[in-house]
Amino acid sequence: MRARIWTVAAALGLAAALVAVPAALAAYGSPQLEIRQAGSATTVKASQSPDDDATAAVRILAPAGTQLTTTQAPGTVLGTVRALVVATQLANSQLPIEGQVVVAAPGQVPAQVVSACVGPATPAAVWLLALSAAGQQLSVPMFVLANPVTIAVCLPHPSQATFGAKLISAEFSVNGVFSPVPLGAWISLWVPYDAAGAVNVAGTVAAPAAVAPGAVTAAARRQGQGAIVTGRVTQAGQPRGGVTVVVFGGTTRSALRRLGSVKANAAGSYTFRAKRGTFFRARAVAGPAAAAPLCAAIASQLGGVPCVNPTTTGFTVDSRVVRKR
């Protein structure tokens, strides 16, 4: 049996709702966006608390300078998707859903569904999240706009959705679609339903995710047969604390092995004591993290929409190889 969770989008008026949203106090405050970039692959994770209002629509704007490639043929698998929903018709159990991101054929998603979600705009691409959950095949349409580069999805109220689904999180990866941008911000706009099941445009919030490069330095000071290796982890030039730093060492530059790891402190600094070795390299492995200054940085772009839960990307980066002094 085939069913659709998220093709009900009538009367949302999303295009207007997300272009001119009145300022409002944000009671709907849990939405969060995380972005990962690796070469030509982009991973987007959108999540909210299961206790928050249900989400009616999400629109995710890519950073300025992002190049969009939408020449993939219908049926092309762009990547994978994993989602988690509260199944309100199944005793509020949490239901995991997995599948693929597939390019839709022209006309595969009815025109009225497209226009209900993105208004008069013509999508540069229409994707289907081809999912499987509890023995059912599910199809979720997603729309990609070109100017500005934007991902849009509309969700029905749980009372109209298969399983009574209420989104908790959705993570999808696509390859060869969005060019990587070294520094910028993805901005997601979330529109909730109110307690009566109506679209609550005034409750819209923005959840941004910064994309910024990371760096790690290393220096080694002789101590017996080993060394004290010190350095600093930064992101976009600012200290990045709490990051795992893996230290490699050896007797030659070309034969370094893992010696251990240490956490950078709040100032981004780290110290590692190596029992032996002449040459050393540090590797910083950072996951996504909160980025409080981001909301202030993009406030002028939000037009009074409340900004919540800003994040910054993770990264993995190596220092240069250094010799102990």
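The values are calculated or read from the model by the stated rules, or taken from the named source; none is laboratory data. Note that the structure is a prediction, hence the values are computed from the model and not measured. Reconstructed Cβ throughout: ideal geometry from the backbone, glycine too, with neighbour counts over all protein chains shown. Please note that ligands, DNA and RNA were not included when accessible areas were found on the heavy atoms of the full protein model with its side chains. Shrake-Rupley method; radii C 1.70, N 1.55, O 1.52, S 1.80 Å.
Of the conditions (1) closer than 22 Å to Pro63 by Cβ; (2) in contact (Cβ under 8 Å) with a residue 60 or more places away in the chain; (3) in a loop (DSSP other than H, G, I, E, B), Ala206 clears all except one; give me its number.
Going through the list (1) closer than 22 Å to Pro63 by Cβ; (2) in contact (Cβ under 8 Å) with a residue 60 or more places away in the chain; (3) in a loop (DSSP other than H, G, I, E, B), Ala206 breaks only (3).
Quickly run through the stretch 231-243 and pick out the residues that are open to solvent by less than 40 Å² (accessible area, probe 1.4 Å) and in a strand (DSSP E or B).
Gly231, Val233, Thr234, Gln235
Within the stretch 175-200, how many residues turn out to be of a type in the set (A, V, I, L, M) and open to solvent by less than 40 Å² (accessible area, probe 1.4 Å)?
The qualifying residues number 6.
Out of the residues in the stretch 115-138 that are buried (at least 20 other Cβ atoms within 10 Å of the Cβ) and among the β-branched types (Val, Ile, Thr), which is farthest from Ser173 (Cα to Cα)?
Selected residue: Val118.
Hey, Leu95 hits all of (1) open to solvent by less than 20 Å² (accessible area, probe 1.4 Å); (2) assigned to a strand (DSSP E or B) but one; which does it fall short on?
For Leu95, the failing item is (1).
Does the stretch 67-82 contain at least one residue that is surrounded by fewer than 22 Cβ atoms within 10 Å (Cβ to Cβ) and in contact with a Leu (Cβ under 7 Å, 6 or more places away or on another chain)?
Yes, because at least one residue in the stretch 67-82 is surrounded by fewer than 22 Cβ atoms within 10 Å (Cβ to Cβ) and in contact with a Leu (Cβ under 7 Å, 6 or more places away or on another chain).
A quick yes/no check of all residues on (1) free of Cβ contacts under 8 Å to residues at least 12 places away in the same chain; (2) open to solvent by less than 30 Å² (accessible area, probe 1.4 Å):
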site: Val246; (1), (2): no, yes
site: Ser254; (1), (2): yes, no
site: Gly268; (1), (2): no, yes
site: Arg273; (1), (2): no, no
site: Ala290; (1), (2): no, no
site: Pro306; (1), (2): no, yes
site: Ser319; (1), (2): no, yes
site: Lys324; (1), (2): no, yes
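Quick one: Ala282 ticks every box in (1) open to solvent by less than 30 Å² (accessible area, probe 1.4 Å); (2) part of a helix (DSSP H, G or I) except a single one, so which number is it?
Only one criterion is unmet by Ala282, namely (2).
For the stretch 63-77, name all the residues that are over 17 Å from the mean Cα position of the chain (by Cα) and either assigned to a loop (DSSP other than H, G, I, E, B) or at positive phi (or both).
Those that are over 17 Å from the mean Cα position of the chain (by Cα) and either assigned to a loop (DSSP other than H, G, I, E, B) or at positive phi (or both): Gly65, Gln67, Thr69, Thr70, Thr71, Gln72, Ala73, Pro74, Gly75, Thr76.
Of these, Phe315, Phe280, which one is at pLDDT below 95 and touching a Gly at 6+ places or on another chain (Cβ under 6 Å)?
Phe315
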